[in-house]
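See below for the structure under consideration.
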2 protein chains.
Amino acid sequence: MVFVFYFVFQNGTKKFWDFMRTHDSVSILIFNSSRQCFVVVKQFRPAVYMCEMERHHPQDFQSKDQDSWCPLLDPLPATVGVTYELCAGIVDKPELSLEEIACKEILEECGYDVPITNLKRITSYRSGVGVTGSQQTLFYAEVTDQMKTGEGGGQPEEGELIEVIEIPLQDSMKFAFDEHFPKTMVVIFSFMWFQSNVALGMQEK
Amino acid sequence: MVFVFYFVFQNGTKKFWDFMRTHDSVSILIFNSSRQCFVVVKQFRPAVYMCEMERHHPQDFQSKDQDSWCPLLDPLPATVGVTYELCAGIVDKPELSLEEIACKEILEECGYDVPITNLKRITSYRSGVGVTGSQQTLFYAEVTDQMKTGEGGGQPEEGELIEVIEIPLQDSMKFAFDEHFPKTMVVIFSFMWFQSNVALGMQEK
């Protein structure tokens with residue numbers, strides 16, 4: 001759903017603004033201490049795929065002003081639309097706390113049944129300030145192999161096709177800054193946060 | 001401009017997807033070494049403001065399906081739509097390199113005339129994977145007071161109303177994790193990146 005809003009700024013400037021309504025969300029940095037790895041998700045993102053299509057075939061996008069359009073000529077492989085992300089979910093159940101929603105997403109997407117007390121709030125921030133402006137809250141969850149009760153993978157009936165990926169701790173900073181693996185900012189941030197806030201403590205033990 | 005795309009996944013699932021076309025972008029972590037502070041921008045974001053309006057007055061949004069709508073009853077102060085962000089800009093000039101666009105934005109938004117050789121590429125990542133999927137490239141720029149040639153503030157004629165803010169290095173990690181200052185993820189990340197990659201080197205000198 002897209003809205004157009006009209007603002008009058010203090011200096012008298014008038015401006016229309018596209019605004020896409022989205023929900024707030026939670027993201028979770030998951031660290032499996034049994035296997036000393038991060039657990040992230042890899043998924044196909046249509047918006048990322050379309051960006052890459054436009055980058056490679058800009059001429060196909062120049063005169064497209066219809067609302068619905070399906071590119072057929074010379075498509076790129078689906079892999080160009082795949083990104084690595086933290087386990088995440090939208091906040092659409094007012095009866096659940098952010099922590100409860102985070103635990104539910106960890107189970108659905110990654111297959112770990114995590115006690116809520118294992119969650120640590122890292123911080124919150126604004127995502128997509130130009131378009132959606134919603135708030136995302138980031139948690140850290142330590143899990144063990146014993147908590148693994150399922151395969152994860154999201155909810156295929158809702159169109160979620162999620163692959164669960166393990167990134168060994170020892171490779172994580174290399175992965176974070178390797179631009180060959182498309183990823184979101186919060187993946188890079190949270191791996192670095194772990195180094196400063198958790199890994200140092202582990203070494204001292 | 002919003003598009004609706006139609007995908008058929010490998011498992012046969014069909015799905016429509018809203019997709020908002022946006023440009024790739026650059027963000028720049030600016031550190032003023034003369035004043036030992038970060039230079040960030042503070043601006044009003046209509047999308048953030050509308051999110052806060054919806055959070056406080058959800059009932060006003062429930063039956064709004066028209067395309068254009070202007071809330072008048074009981075508005076919140078504009079300050080709830082203000083966020084702290086890195087200096088940034090969209091990549092909309094094919095004849096300019098990412099570095100050239102970054103320098104142009106530093107001058108327009110923050111008033112520093114920075115030689116292109118002062119820019120260091122940190123990394124790139126995907127922003128707004130659910131909606132826009134565009135790529136953002138992050139740079140680091142060290143500036144000095146001698147490079148300050150203007151006030152910055154963006155281009156008011158294009159509706160940009162940007163306030164240039166200095167965050168002292170010594171307060172920066174506190175600021176990064178203080179949720180009372182709404183900010184984007186990349187502000188938090190880049191301040192932390194600086195601590196690990198630049199500040200340590202400064203101490204050794």
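The values are calculated or read from the model by the stated rules, or taken from the named source; none is laboratory data. Note that the coordinates shown come from a computational prediction; the quantities given were computed from them, not determined experimentally. Here the Cβ positions follow ideal geometry from the backbone for every residue, glycine too, while neighbour counts run over all protein chains shown.
Figures for the structure shown
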| item | result |
| --- | --- |
| Among (1) modelled with pLDDT of 80 or more; (2) touching a helix residue (DSSP H, G or I) at 6+ places or on another chain (Cβ under 9 Å), the one test that A:K42 misses | (2) |
| Search result, residues across segment A:69-122 that are small (G, A, S) and under 30 Å from A:E179 (Cα atoms) | A:A78, A:G81, A:A88, A:G89, A:A102, A:G111 |
| Residue in segment B:97-105 that is surrounded by 19 or more Cβ atoms within 10 Å (Cβ to Cβ) and assigned to a loop (DSSP other than H, G, I, E, B) present | no |
| Some residue of segment A:50-65 being at pLDDT 80 or above, crowded, with 21+ Cβ neighbours inside 10 Å and closer than 22 Å to B:G130 by Cα | yes |
| Residues of segment A:75-96 classified as under 24 Å from B:G133 (Cβ atoms) and in a loop (DSSP other than H, G, I, E, B), total | 6 |
| Of residues in segment A:115-150 being of a type in the set (A, V, I, L, M) and without any contact (Cβ under 8 Å) to a residue 40 or more places away in the chain, the one nearest to the other protein chains (Cβ to nearest Cβ) | A:V129 |
| Qualifying residue in segment A:178-186 (condition: assigned to a helix (DSSP H, G or I) and touching a helix residue (DSSP H, G or I) at 6+ places or on another chain (Cβ under 7 Å)) | yes |
| Search result, residues across segment B:151-190 that are of a type in the set (S, T, Y) and within 8 Å of chain A (Cβ to nearest Cβ) | B:T184 |
| Which numbered condition B:H23 misses (of (1) under 24 Å from A:P75 (Cα atoms); (2) at the interface with chain A (Cβ under 8 Å from one of its Cβ atoms); (3) modelled with pLDDT of 75 or more) | (2) |
| Of all residues in segment A:66-90 being surrounded by fewer than 12 Cβ atoms within 10 Å (Cβ to Cβ) and of a type in the set (A, V, I, L, M), the one that is modelled with the highest pLDDT | A:L73 |
| Per-region count, segment B:166-184, residues surrounded by 16 or more Cβ atoms within 10 Å (Cβ to Cβ) and farther than 20 Å from B:S196 by Cα | 3 |
| Test: residue in segment A:161-170 that is at pLDDT below 95 and among the hydrophobic types (A, V, I, L, M, F, W, C) | yes |
